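Structure, as structure tokens:
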Amino acid sequence: METKEYHSDSIDTMLSREQFEDISECLSNLAEKLGVTAILLVNSSGQTVAQKVRSSWSLDSTILSTLTASSYAAAKEMARILGERSNFRMVLHEGEHHNVYVSSVNRDFSLIIIFETGVALGMVRLFAKKTIAQLLSVLPERGEGIDKINHLFDRRFQSLLGEELDRTLRDSPEMKKNHED
Amino acid sequence: MFIHWALREIHLKIVYYGPGLSGKTANLQYIYSRIDPTLKGDLVTLKTREDRTIFFDFLQLEVGNIDGKKPKFNLYTVPGQVHYDLTRRIVLNSVDGIVFVADSQREMMDANLDTLLDLEKHLIISGKTLENFPWVLQYNKRDLPSAEPVEEMEKKLNFFGVPSFEAVAPQGQGVFATLKEVIKQVVARAHAQLENRQRVSVQ
């Protein structure tokens with residue numbers, strides 16, 4: 001049998017239900033120990049993988065994850081320009097009421113902790129380090145699990161997606177008329 | 001692409017790329033203005049005091065469930081000005097598909113080509129190339145009197161024969177057609193790669 005290598009770069013990460021549950025448990029434990037406002041695990045393109053947010057708090061996690069991942073990527077470039085061999089270990093934003101601590105988990109994921117200014121940063125760093133070690137043992141590798149979704153984007157999916165896109169992305173009736181004119 | 005199987009979510013990242021003031025932000029603004037509020041998030045814009053994009057614009061939109069899966073499209077723009085080269089590279093991280101927004105004005109043809117070559121340079125750094133990556137061309141500002149004929153723009157920019165669209169982004173002309181096509185390209189490529197992967201694994 002001939003051995004062939006095949007590279008698939010369309011799908012960066014696939015997260016299974018079991019992995020999601022393990023990750024959620026790690027974040028819950030950390031939230032409980034620190035009593036923090038919110039904890040998010042985000043991937044390098046800014047998508048929220050898992051989160052624990054205090055129930056009394058309203059948070060747009062989509063935008064927060066996007067902004068954090070981008071600012072972390074910018075910090076990585078800063079580190080490179082300064083001749084650092086790897087990214088800064090953490091990024092900290094200090095606010096009047098809340099601080100935001102961001103730390104790299106590995107090249108694909110970052111941990112964001114939002115905590116009130118009364119919580120000691122040292123304690124946050126200590127427990128974050130332990131959580132990151134736990135997360136590293138449960139996070140998926142690139143390409144892991146992709147063999148389970150070989151038919152995810154089959155012709156039927158593509159056709160249904162086309163119909164949904166047509167339904168969602170519709171010009172106004174006036175616009176249609178202008179195009180026809 | 002990120003697949004969150006537990007939540008049945010499929011996340012795609014689409015980046016609008018092009019020279020400064022070609023209309024990348026205008027595309028997102030039109031999309032934002034026309035989409036059902038339940039299917040979109042806020043439009044985030046990171047601008048300079050002069051109203052130019054300094055980092056990126058961002059908009060997440062969804063469509064309905066497809067066989068129990070929820071596709072989510074994360075749309076970004078890059079800053080077009082030449083000196084934001086590094087910022088563009090950051091925004092391109094983990095990109096799944098690109099809309100290249102070209103400015104149709106005759107005097108912008110060199111800037112269009114330079115920016116397309118700049119895009120290729122960034123893609124190559126991350127192991128991709130325009131030759132085999134999902135992307136589409138949008139010829140924007142077709143309403144301006146100095147607009148170059150489309151045939152000329154095709155010759156100058158579309159050397160890989162990708163789908164191209166004429167547009168007047170602030171009025172919405174061509175905006176949705178462009179977005180639909182790039183999404184279809186991304187999904188079709190993912191499907192082809194998964195099929196090839198399966199074929200190789202059974203050999």
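Each reported figure results from applying straightforward, stated rules to the coordinates on display, with no laboratory input. Here the structure is a predicted model, which is why all the values come from computation and not from measurement. Cβ: placed from backbone, ideal geometry, glycine included. Neighbour counts: every protein chain shown.
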Using a 7 Å offset from Cα along Cα-Cβ at A:Arg54, what residues in region A:83-116 end up with backbone N under 12 Å from the label point? A:97-99, A:114-116
Order of B:Trp5, A:Trp57 - criterion: other Cβ atoms within 10 Å of each residue's Cβ, fewest first: A:Trp57, B:Trp5
Please report the relative contact order for chain B, taking Cα pairs under 8 Å with a sequence separation of at least 6, and give it as a percent rounded to a whole number. 23 percent
Derived scalar couplings ³J(HN,Hα) [region B:124-129; Karplus, 6.51 cos²θ - 1.76 cosθ + 1.60; whole Hz; x for Gly, Pro]: 4, 4, 9, x, 10, 8
Could you pull out which residues in region B:40-74 have an amide N less than 15 Å from a spot 7 Å beyond the Cα of B:Gln81, following the Cα-Cβ vector? B:46-57
Given Cβ point charges of +1 (Lys, Arg) and -1 (Asp, Glu) and nothing else, what value in debye, to the nearest 20, does the dipole of chain B about its Cα centre take? 720 debye
So what's the back-of-envelope 222 nm ellipticity for chain A, counting only DSSP H runs of four-plus at -39500 (n - 2.57) apiece and dividing by all residues, rounded to 500? -14500 deg cm²/dmol
Within 10 Å of each Cβ of B:90-96, how many other protein chain Cβ atoms are there on average? 5
Calculate, in nm to one decimal, what B:Lys155 and B:Arg49 gain on full extension: separation in residues at 0.36 nm each, minus their alpha carbon distance. 34.5 nm
Region B:67-98-region B:117-152 distance, computed between alpha-carbon centres (Å): 15 Å
For region B:2-202, how many pairs of lysine residues have a Cα-Cα distance under 17 Å, where the two are 8 or more positions apart or belong to different chains? 21
Out of region B:135-203, which chymotrypsin sites (Phe, Trp or Tyr not before Pro) are coil in DSSP terms and have no more than 12 other C-beta atoms within 10 Å? B:Phe159, B:Phe160
Could you calculate the FRET efficiency of A:Leu82 with A:Ala120 from 1/(1 + (r/R0)^6), where r is the beta carbon distance between them and R0 is 30 Å, rounded to 0.05? 0.60
Which loop-located trypsin sites (Lys or Arg not before Pro) does region B:12-58 contain, where loop means any DSSP state but H, G, I, E or B and the Cβ has at most 10 other Cβ atoms within 10 Å? B:Arg49
Per residue of A:148-155, other chain Cβ atoms within 10 Å number on average 6
Report ³J(HN,Hα) in whole Hz for each residue of region A:92-103, in order, from the Karplus equation J = 6.51 cos²θ - 1.76 cosθ + 1.60 where θ = phi - 60°; Gly and Pro get x. 10, 10, 9, x, 6, 10, 10, 10, 10, 10, 10, 9
Just grab the label-to-label distance for A:Glu163 and A:His98, each label 7 Å out from Cα along the Cβ direction, in nm (one decimal). 4.1 nm
Taking Cα pairs closer than 8 Å and at least 6 residues apart, the relative contact order of chain A in percent is 24 percent
Mean-position separation - Cα centroids, region A:146-173 and region B:1-50, in angstrom: 18 Å
Around B:Gln173, which amide H atoms from residues at least 5 apart in sequence, or from another chain, sit under 5 Å from its own amide H, with H modelled in the peptide plane? B:Val168
Averaged across A:76-87, how many Cβ atoms of other chains sit within 10 Å of each residue's Cβ atom? 1
List the aspartates and glutamates whose alpha-carbon lies under 17 Å from that of A:Lys76, not counting same-chain residues fewer than 8 positions away? A:Glu84, A:Asp108, B:Asp85
Amide H contacts under 5 Å for B:Trp135, restricted to residues at least 5 apart in sequence or on another chain and with H modeled in the peptide plane, are B:Ile98
Using +1 at the C-beta of Lys and Arg and -1 at the C-beta of Asp and Glu, which of A:His151, B:Gly174, B:Pro37 has the Cα lying farthest in the positive direction of the dipole of the protein assembly as shown? A:His151
